[in-house]
């Protein structure tokens, strides 16, 4: 069975019963997605011809046909069809590979966030904002976003230690400089779009700052002059990190404005209080014509993606890759 993908002019060989989003990802079709459960709407696409089945209420399968929009994560392929994904303004091709790396350094960024630097055995090509799967041992594997650009012989990751988390506890208590780590990547479609002068809003929660830093550094390297507003949300003042990096980037990106938003704080300080999405809600009546990058906990990514679309950003211009807990 074949599925044709517009506007890429690609034809995919698929099987009856395949999930559309999984088929797109398996064939390296650049499509945005987040919750993978039909909540955020990020993976919306349009049926040009043919039929698919869409999971509805109570897990019933409803037919969708020509001209209808569907969420790829909720669509089951049942016959030959033509699907149109939101126009991909910039397709990047970085073939995913497996690279041997060595831990070059580990340091604390906060009370529960580790900065892990890995020395590469060979160059790794990736776009700012992408992520990789790190295998610390065969039993300890998890995806993390790069915090830097692909300009050196090291890559950097920010890892929050989750109490009781199998992988992050290993990172916190056993990982040490010199250890071998297998890196698989790059992965992800929430990468920097370079060929646009549109204003940009970035929303990061916790270690979601890592890919946002990568994107900002990529913008600086490219000399992009887009207006940029970064909203960085944390739980408490003790969770704030990376402000010095943001200040450094302001010198290279004169149109960059950073907002640090603390959910709960009894301490006076220079930061805003509240939920990061509420700060965006208050600050902007309309974001029509903007681009958005969102990174952090899935619940925040979902809420932010919905809010940004409500504010006028086209769904195809909201870029997010949310990671879901799996042996954290």
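What number goes with the only condition from (1) under 22 Å from residue 299 (Cβ atoms); (2) surrounded by 15 or more Cβ atoms within 10 Å (Cβ to Cβ) that residue 235 does not pass?
Exception for residue 235: condition (2).
How many residues does the stretch 176-192 contain that are buried (at least 20 other Cβ atoms within 10 Å of the Cβ) and not in a strand (DSSP E or B)?
Looking only at that region, the number is 5.
Name the residues in the stretch 47-62 that are within 17 Å of residue 21 (Cα to Cα), in a strand (DSSP E or B) and at pLDDT 75 or above, would you?
Correct list: 47, 48, 52, 53, 54, 55.
Within the stretch 96-140, count every residue that is part of a loop (DSSP other than H, G, I, E, B) and in contact (Cβ under 8 Å) with a residue 12 or more places away in the chain. Quick ask: steps written out before the conclusion?
First, the residues of the stretch 96-140 that are part of a loop (DSSP other than H, G, I, E, B): 96, 109-112, 121-130, 138-139.
Filter once more, so that each one left must be in contact (Cβ under 8 Å) with a residue 12 or more places away in the chain: 96, 109-112, 121-130, 139.
Total meeting the criteria: 16.
Hey, does the stretch 138-146 have a residue that's under 18 Å from residue 103 (Cβ atoms) and either in the same structural domain as residue 30 (by TED's automatic domain parsing) or surrounded by fewer than 15 Cβ atoms within 10 Å (Cβ to Cβ) (or both)?
Going residue by residue through the stretch 138-146, those that are under 18 Å from residue 103 (Cβ atoms) are 138-146.
Filter again for either in the same structural domain as residue 30 (by TED's automatic domain parsing) or surrounded by fewer than 15 Cβ atoms within 10 Å (Cβ to Cβ) (or both), leaving 138-139.
Checked against the condition, which is being under 18 Å from residue 103 (Cβ atoms) and either in the same structural domain as residue 30 (by TED's automatic domain parsing) or surrounded by fewer than 15 Cβ atoms within 10 Å (Cβ to Cβ) (or both), the stretch 138-146 yields at least one hit.
So, in the stretch 242-255, of the ones that are buried (at least 19 other Cβ atoms within 10 Å of the Cβ) and touching a strand residue (DSSP E or B) at 6+ places or on another chain (Cβ under 7 Å), which residue ends up farthest from residue 194 (Cα to Cα)? I'd like the intermediate steps shown before the answer.
Within the stretch 242-255, the first condition is being buried (at least 19 other Cβ atoms within 10 Å of the Cβ), and the residues that meet it are 242, 246, 249, 253.
After this cut, where a residue has to be touching a strand residue (DSSP E or B) at 6+ places or on another chain (Cβ under 7 Å) as well, the list is 246, 249, 253.
Details: 246: 20, 249: 17, 253: 14 Å.
Checking each candidate, the answer is 246.
Here is a check on your reading of the model: is residue 315 crowded, with 21+ Cβ neighbours inside 10 Å and in contact (Cβ under 8 Å) with a residue 60 or more places away in the chain?
In short, no.
I'd like to verify a number: residues in the stretch 7-28 that are exposed (fewer than 14 other Cβ atoms within 10 Å of the Cβ), modelled with pLDDT of 95 or more and closer than 18 Å to residue 46 by Cβ, how many?
Summing the residues that are exposed (fewer than 14 other Cβ atoms within 10 Å of the Cβ), modelled with pLDDT of 95 or more and closer than 18 Å to residue 46 by Cβ in the stretch 7-28 gives 1.
One line per residue, one yes/no per condition, for (1) more than 23 Å from residue 296 (Cα to Cα); (2) at pLDDT below 95:
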| residue | (1), (2) |
| --- | --- |
| 106 | no, no |
| 114 | no, no |
| 120 | yes, no |
| 161 | no, no |
| 164 | no, yes |
| 167 | no, no |
| 171 | no, no |
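Report, by residue number, each residue of the stretch 117-136 that is out of contact with any helix residue (DSSP H, G or I) (no Cβ under 7 Å at 6 or more places or on another chain) and either more than 17 Å from residue 320 (Cα to Cα) or loosely packed, with under 14 Cβ neighbours inside 10 Å (or both).
Correct list: 117, 118, 119, 120, 121, 122, 123, 124, 125, 134, 135.
Out of curiosity, is residue 223 touching a helix residue (DSSP H, G or I) at 6+ places or on another chain (Cβ under 6 Å), at pLDDT 95 or above and assigned by TED's automatic domain parsing to the domain that holds residue 293?
When the stated conditions are applied, residue 223 does not pass them.
The values are calculated or read from the model by the stated rules, or taken from the named source; none is laboratory data. If you're wondering where the values come from, they're calculated on a predicted model, not measured in any experiment. In this analysis, Cβ positions are derived from the backbone assuming ideal geometry, glycine residues included, and neighbour counts consider all displayed protein chains.
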